[in-house]
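For reference, the structure is listed below as C-alpha cells.
Coordinate-derived values only; no laboratory data. Model, not experiment: these values are computed from the prediction. All Cβ positions, glycine included, derive from the backbone under ideal geometry; neighbour counts span all protein chains shown.
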Amino acid sequence: MERNEELLMKHIIEDMSDGVLAIAFDSRILVHNRAAAMIFGMADEELSGKSIAWIMERTEKNDELFELITDSIHTKSTMEKTVPFFHGDETLYLHVKTEILMNGTEKVGIVTVISDITERAELFIANKSLAVQVTNLMNSFVEVMVTAVEEKSPYNANHTKNMAKYGERYLNWLNGQGKLTEYTDAETAPLLMSIWLHDIGKLLVPQEVMDKPSRLGSAEKDILHRAATSQLMMKLKMHEEPEKQNEWKEKTEALLSAKELIMSANNVGFLDEDTIAKLKEAAEIECLTAEGETIPLLNDAELESITVVRGTLTDAERRIIESHVSLTAKLLNKMKFEGAYQSVPGWSGGHHELLDGSGYPNHLKGAEIPWETRLITIIDIYDALTAEDRPYKPPMPPEKAFAILENMAEHGKVDPKLLSSFRESGAWKKDDAE
C-alpha cells in the first residue's frame with residue numbers, strides 16, 4: 001500500500017506544471033520533475049543526483065534565485081519571493097516558495113516549488129508602465145496649465161510655484177519626523193498636484209480683474225483723458241467768455257484738485273471715511289467734453305471703484321475672483337482622477353473653505369474639510385501675504401503673516417495644530433534665509 005502511495009505521489013509531482021525540487025541540506029537534489037528541468041533549460045535526466053552548485057555553474061546571471069534556495073537550505077527556514085530568471089535572450093519571472101522537508105520529526109531538506117508567472121508579471125509590468133505614462137501625462141498637463149497661468153498672470157504663477165515648494169518641504173519635514181502618515185498618505189504626489197492645480201480656475205477670470213493693480217485699473221486712463229479734455233475746454237472758455245474768466249479758473253482749479261485727490265487715493269492700501277467723503281464730492285466736479293457737454297468727473301462705476309475701503313477690487317470684482325475656486329473644481333472634474341489621485345479636484349477646489357463655515361464656495365465646516373485642503377489653505381494665505389510681486393500691495397514680513405494666520409486660528413478659521421506644525425517646520429522660509 002505504501003509503495004502505491006509513493007508511486008501516486010511521484011506521478012502527481014511529475015504531472016505538475018510547476019517545477020518541484022526536493023533538496024537535501026547538503027544541496028543534493030533528491031527529487032525533481034520535468035517542469036523543473038524545463039525551467040532550467042535542461043534534460044530531465046541531467047538533474048538526477050546533481051547539486052544546486054552544479055546547476056548554478058550552468059546558468060549565468062541567476063544569483064537571485066539560487067541565493068534564495070541556498071539561504072533556505074542554510075537557515076533551514078521557509079522563504080518566498082518572485083525573481084527574474086535569465087535563460088539565453090529570454091527573461092522569465094519565477095515565483096519561488098520553499099518548505100521544510102520532514103522525515104518523521106527530523107528536518108532533512110527543503111522542497112522548492114517554482115511557478116512560471118512570466119505572463120502575469122509581464123502584464124503587471126505593462127500595467128505599471130502604462131500607469132507611469134498616465135502619471136507623466138497628468139504631470140505634463142499640470143505643467144501646461146501652470147504655464148498658461150504664468151503667461152496670463154506672472155505673479156500668480158510665482159504664487160503657485162512658491163506654494164508647491166513650501167508644500168513639498170513641509171511634507172518632507174513631516175516624513176522626517178515620522179508623522180507623515182498620521183495625516184496623509186505616504187504617496188504625496190496627489191497632494192502636490194492639488195497644490196499645483198489649486199488656482200487653475202483663474203484661467204477663466206478676466207485679466208483686468210485678476211491683475212487689477214489699483215482701484216481704478218484701466219479706468220484711470222479714461223479719467224485722466226476726461227480731465228485733460230475738460231481742462232483744455234475750460235481754457236478755451238476763458239478766451240471765449242472773458243467776463244467769466246475767474247469762474248472758469250475756479251472750475252479748472254477744482255478739477256485739478258479733484259483729479260489729484262482721486263489719483264492719490266488710487267493706490268493707497270486703506271481709505272478712511274473722511275477721504276471717501278471727499279472722493280464722493282470730487283466725483284461730482286463738472287467736466288466739459290469735446291462737444292461742450294457737462295458731465296461729472298467720475299461715473300458711477302468709477303466712483304464705486306475709487307471708494308473701495310481696502311484693496312483694489314469692488315464687491316462685484318471680488319465675487320469674480322472668488323469664482324476661480326468653483327471654476328477650478330469644475331475644470332478638474334472634467335478629468336477622471338482615479339486611485340490615489342481621485343481627491344485632487346476636491347482638495348484643489350476647497351482651498352478657500354474655512355473651518356467656521358465662513359469660506360467659499362460651499363461653506364464647509366470642521367471635519368468636512370480634509371487635512372490636505374487645510375494645508376493648502378494655510379500655505380495659500382501665507383504666500384499671498386508675503387508675496388513680493390503683487391502689483392497692488394507690498395510684501396508682508398513672515399512674523400506679521402503668521403500673526404494674521406494665528407489670529408485666524410484663534411477665531412476658528414484655520415487649523416491651529418497644522419499652522420503651528422507648518423511654522424515649526426521652517427518650510428516657509430525663503431531660499432536665501434535658509
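Given +1 at the Cβ of Lys and Arg, -1 at the Cβ of Asp and Glu and no other charges, the dipole of region 219-312 around its Cα centre is 300 debye to the nearest 20. Modelled this way, with points 7 Å down the Cα-to-C-beta line, the labels at residue 272 and residue 340 are 5.6 nm from one another. Dipole orientation for the chain: of the candidates 160, 357, 121, 357 has the Cα lying most toward the positive pole (charges on Cβ; Lys, Arg +1; Asp, Glu -1). Look at the Cα gyration tensor of region 322-434: its axes a ≥ b ≥ c give a/c of at least 1.5 with a/b over b/c, and that counts as prolate. By the count of neighbouring beta-carbon atoms within 10 Å, fewest first, 336, 259 end up ordered 336, 259.
Note on residue 123 and residue 208: the extension gain reaches 25.4 nm, defined as 0.36 nm multiplied by sequence separation minus the Cα-Cα distance.
Partners of residue 251 within straight-line reach, counting aspartates and glutamates whose Cα lies under 17 Å from its Cα and excluding those fewer than 8 residues away in the same chain: 240, 241, 243, 260, 281, 284, 286, 293. The lysines whose alpha-carbon is closer than 16 Å to the alpha-carbon of residue 430, local same-chain residues fewer than 8 away aside, are 161, 165, 400.
Dipole of the chain (Lys/Arg Cβ +1, Asp/Glu Cβ -1, origin at the Cα centre): which of 210, 183, 85 lies farthest to the positive side? Farthest along the dipole direction, towards plus: 210.
Using alpha carbon centroids, what distance separates region 30-103 and region 168-202, in Å? Between the Cα centre of region 30-103 and that of region 168-202, the gap is 44 Å. Estimated at 0.36 nm per residue, the fully extended path between residue 281 and residue 246 surpasses their Cα-Cα distance by 10.5 nm. Rounded to the nearest 20, the Cβ-based charge dipole of region 2-116 about its Cα centre (Lys and Arg +1, Asp and Glu -1) stands at 260 debye. Cβ-to-Cβ counts within 10 Å put 54, 428 in ascending order as 54, 428, the fewest first. Our note on the geometry: Cα centres of region 257-278 and region 212-232, 14 Å apart.
Using a simple spin-label model with pseudo-atoms 7 Å out from Cα toward Cβ, residue 330 and residue 400 lie 3.6 nm apart. Stretched out straight at 0.36 nm per residue, the stretch from residue 141 to residue 61 would grow longer than its current Cα-Cα span by 24.7 nm. Which Cα, out of 395, 104, 149, lies furthest along the positive dipole direction of the chain (beta carbon charges, K/R +1, D/E -1)? Positive-end residue among those listed: 395. The lysines whose alpha-carbon is closer than 17 Å to the alpha-carbon of residue 249, local same-chain residues fewer than 8 away aside, are 235, 237, 259.
Taking Cα centre as origin and charging only the Cβ of basic (Lys, Arg, +1) and acidic (Asp, Glu, -1) residues, the dipole magnitude of the chain rounds to 460 debye. Among 225, 87, the order by Cβ neighbours within 10 angstrom, fewest to most, reads 225, 87.
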